[in-house]
Amino acid sequence: MKTMLAVTDFIDHTVKVWENSPETLPEFEKTYTSEEQKLREENFQQFQQKLEVLKSRKNVRTLQKEDPGQSFFPYFKAFLKNVFDFEEDQLEIILSDKFKNVSKDFFYRAREFGPELSPENIYQGMRNVWIMNGLQLMMGVPVEITPSVFGYSMIYPYSDNYLDDLSVSDEEKKAFSKRFNKRLHGELVIPANSTEEQLFKLVELFEIQYARHQFPGVYESLYAIQNGQTRSLALINCNGMPDGKIREICFEKGGASVLADGYLVAGRLTREQEQALFGYGVYLQLLDDIQDVKEDTEGHTKTMFSCRDKDSSLSVFVNKTINFGRTIMQEMRCFDGVDIDVMLKLMNRSIELMIIESAGMNPEYYSDGYLAVLDSHSPLRFSYLRQKRTQSKSQRFTLFRKYFEQAPREKKQFSPGAFYIS
C-alpha cells in the first residue's frame, strides 16, 4: 500500500543513524556504588510499605470517597526522587496536574467505553496517552484527552492484542487487517466481531476531530501504521528472513506508530518533525524489543534482538540502541513548546533506565562482565531487581486497580460527541 508520507525515506534515515551508532557503551551521567544502591533499595522498600498501608482495608472507605491519587502522589514523588534520582524540574513535568488529570480522565473514559477490558489492557493504552501528552507539551498545545488521543490509545488494547492472539489464525488476522484498512480509508464496513465493532467506533473519533479533506496527513499516518502492523505479521514464525529485512519491518512499525501520535496531536507536521517522530518511534520499538526478547524468542517472533544466535551476546545491540537513542533525541529539538532540554533529558533518562533494567532482568543474554558494568549505572542492583520481579510487576498496577474497581462497570451507549459535552 502506498502512502504520501515519506516512510521509506524515514526508514533509510534511521537505518543510517543506526549503522553509524557506535557499538561501545557510552558514558552515563550517574554511576552508583553498592552502598548508594542499597540506600535506594531501602527507599524502595519504604515506598512499598507505604503502598501497603494505602491498600489496607481500613483505608478502603476513605479511598472510595477521595481520589486515591491524592494520597499516592506525595509518596510517588519521593520515590522517583530518592530511588531513581529524577531532578526537581523533571518531577514537575511527571507529576504536574496536567498529567495527573488527563490520566484520570482517560481511565474513566476507557472504563466506560470498554468495560470488558482488564486494567492491564487500559494501562497499555495509557502508556500511549503519556507519549501523546509529552508530544502535546513539546508542541505547545493543551495537554488533554482529545477524541484522537483517546481513539488512538484505545486502538492498542484492541488491535495489538487481537494480532498477538495465538488462538486467531493467520487467515483471520489478514482478513481483519483488510477490513480495518478499508474502515481507516473511510469506507463503511460491517464489523465481523466485537473487536472490530469497537475499533470502528474509535476510527469515528478521528473523523470527528479531523475532517479527511482538511487533514490528509492524519489519515496518511494511520494508513502507514496499519501497513506497518500488517507487515510485522511476517515476523511471526518466519525463517530465513535477512537481518536487514527484519530491521526494516521493525523500524517501520515503531516509527509509523509515533508518527501517527504526532499527527493525531497536531493535525499537521513539517517534514523535519515527521522524521524526528519517526526516529523516536523506532527508539521506543527497540526498547520494547529489548524488554521482550525472551517472550519474542520463545514465541518465535523475529526482532533485531530475538533473531540472534543463542550464544550471541546482545550487548553490542544494546550499546548501539543507547547511542542511537541519544542521536534521535537531538533530532527532537525541532519542537519548541516546552523547556526542550528538561523534556528530552527526562525522556531519555527514563528510556535508558528501562534498557539497563531490561538487560539485568535477562542475564542469560549478556556476559557477566557486561552486566557488571551496566549494574553500576543502575540505581538498584540487578540482584535486587530480579528478587523483586514479581512484586514490582504487581505494584505497577496497585493504584490503577483502585481506579479500576471504583469506576462504573455498566456499559453506556457510546457517543463520540460526548468529548465536546463533558
Give me the accessible area of LYS104, 1.4 Å probe, in Å² rounded to the nearest 10. 80
If you take the charge dipole of the range 105-235 about its Cα centre, with +1 on Lys and Arg Cβ and -1 on Asp and Glu Cβ, which of THR195, LEU117, HIS185 is farthest toward its positive end? HIS185
Surrounding charge for LEU385, neighbours by C-beta under 10 angstrom, Lys/Arg +1, Asp/Glu -1, total +1
If ligands, DNA and RNA are left out, what is the accessible area of LEU287 with a 1.4 Å probe, given in Å² to the nearest 10? 10
Let a ≥ b ≥ c be the square roots of the eigenvalues of the Cα gyration tensor of the range 150-293; is it rounded (a/c under 1.5), or, if not, prolate (a/b larger than b/c) or oblate? oblate
Which entries of LYS104/LYS201; LYS104/LYS174; LYS50/LYS294 show an alpha-carbon separation above 31 angstrom in the structure shown? LYS104/LYS174; LYS50/LYS294
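The values are calculated or read from the model by the stated rules, or taken from the named source; none is laboratory data. Bear in mind that the values here come from a model prediction, so they are computed numbers and not experimental data. Virtual Cβ from ideal backbone geometry, glycine too; neighbours counted across all protein chains shown. We work out accessible area using only protein heavy atoms, side chains counted, and drop any ligands, DNA or RNA first. Shrake-Rupley method; radii C 1.70, N 1.55, O 1.52, S 1.80 Å.
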